[in-house]
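Structure record follows, encoded as structure tokens.
The values are calculated or read from the model by the stated rules, or taken from the named source; none is laboratory data. As the structure is a prediction and not an experimental result, all values here were calculated from the model. Glycine also receives a Cβ, built like all others from the backbone with ideal geometry; neighbour counts cover every protein chain displayed. Note: accessible area is taken over every heavy atom of the protein model, side chains too, but ligands, DNA and RNA are not part of it. Shrake-Rupley method; radii C 1.70, N 1.55, O 1.52, S 1.80 Å.
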Amino acid sequence: MKKWFFIGFTLFLMTNTLSAQFNESPILNKQNEDKKLLNFGYFLGLNQYDFKIEYKENAQDILVSKSFGFNVGLIGEVRLNEFLDIRFEPGLHYGSRLMGFPGFDDERDAIREVKSTYINFPLLLKASTRRFGNFKPFLLGGASTGLNLGSNEESLDDNESGTFRMKKWVYNYELGFGIDFYLEYFKFTPSIRGVFAITDELVPDNDPNSPWTGNIESLKTRGIFINFTFE
């Protein structure tokens, strides 16, 4: 419910800003902003990470409780032409997930909190429309790799000791959309993006029949980013 509230709030903000910018004869701001070969900025935002879990055998699902985290990072952009840009957006993404495993009576065994701090390195293609007054919609997509500082991959302890382990490196694809707003002194861009891991992140427990990881075929991150960019 919280996820849809934040998405709705973001769309509301984008719509109201769009209405304010759209009139018959707007005063054009930052008219040469998109003519530069290189452009730089930073972003702040929210994230909500989830897991896509595939099982070896049919069994009761592992429950995942999601919460909101935060994003912060830098932007480097290379202009290809009027409609296409290449973007590099290194950033820090912090999030937390609670996993509930079936078959346990003791909550200490059933619940694992998975805290993740990703240093993300996405390379994205941004495809924009023509500029309309002081706004310009766009789509973007590409690939990314992330270093999970909270992975516990090298830990000798596993779930028997209360430690849920994940691999340090994850590879993803990302898809999203947004709108560039050209304000008087800078360009402001709200955007929404989905991130989908393509590699298995699970480090199985030492026991192949572990009640926590024994039935997991693969565990992959997926999530949503709501970013606010300033350039």
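Which order do Ser65, Ser144 take when ranked by solvent-accessible area (1.4 Å probe, heavy atoms of all protein chains), largest first?
Result, largest first: Ser65, Ser144.
Compute the accessible area per residue over the chain, keeping the other protein chains in place, probe 1.4 Å, unit Å².
54
Would you check the accessible area of Ile111, probe 1.4 Å, heavy atoms only, in square angstrom rounded to 10?
Approximately 70 Å² for this residue.
How large is the dipole of the chain about the Cα centre if only Lys and Arg carry +1 and Asp and Glu carry -1, each at its Cβ, rounded to the nearest 20 debye?
With only Lys, Arg, Asp and Glu charged at Cβ, the dipole is about 1240 debye.
Packing-wise, with mean Cβ within 10 Å as the measure, how do 28-34, 71-77 rank, highest first?
My ranking of the peptides, most packed first, is 71-77, 28-34.
If you line up the long axis of helix 2-21 against the longest principal axis of the chain, both from Cα atoms, how many degrees apart are they, to the nearest 10?
Helix 2-21 sits at roughly 10 degrees to that axis.
Going 7 Å from the Cα of Phe230 along its beta-carbon direction, which residues of segment 166-199 have the amide nitrogen within less than 16 Å of the resulting point?
181-191
For the chain, what is the mean residue ellipticity at 222 nm derived from helices alone (per DSSP H run of n ≥ 4: -39500 (n - 2.57); sum divided by total residues; nearest 500 deg cm²/dmol)? Display every interim value, and only then the final one.
Working: 2 runs with 24 residues, N = 231.
-3000 deg cm²/dmol, from helical runs alone.
Once the dipole of the chain is set up with Lys and Arg at +1 and Asp and Glu at -1 on Cβ about the Cα centre, which of Phe104, Leu63, Asn81 lies farthest towards its positive end?
Asn81
Hey, if we sort Lys115, Lys136 by accessible area with the 1.4 Å probe, largest down, what's the order? Provide the component values of the computation, followed by the final result.
Working: Lys115 105, Lys136 15 Å².
Accessible-area ranking of Lys115, Lys136, largest first: Lys115, Lys136.
Given an 8 Å cut-off on Cα distances and at least 6 residues of separation, report the relative contact order of the chain as a percent.
In percent, rounded to a whole number, it is 22.
Any idea how far the Cα center of segment 199-219 sits from the one of segment 46-105, in Å?
19
To make sure I understand the rule: partners must be lysines, Cα under 24 Å from the Cα of Lys56, and not fewer than 8 residues away in the same chain. Which ones qualify?
Lys66, Lys167, Lys168, Lys220
Largest first, how would Tyr55, Tyr185, Tyr118 line up by accessible area (1.4 Å probe)?
Ranked from most to least accessible, the order is Tyr185, Tyr55, Tyr118.
By a straight-distance test (C-alpha under 17 Å), which lysines pair with Lys35 as possible cross-link partners, with residues fewer than eight away in the same chain excluded?
Reachable lysines: Lys126, Lys136, Lys187.
Any idea of Asp158's accessible area? Nearest 10 Å², probe 1.4 Å.
Taking all protein chains as shown, Asp158 has close to 10 Å².
Please compute, over every Cα-Cα pair in the chain, the percentage with a separation greater than 29 angstrom. Intermediate values should be presented prior to the final figure.
Details: 9739 of 26565 pairs.
Counting every Cα pair in the chain, those more than 29 Å apart make up 37 percent.
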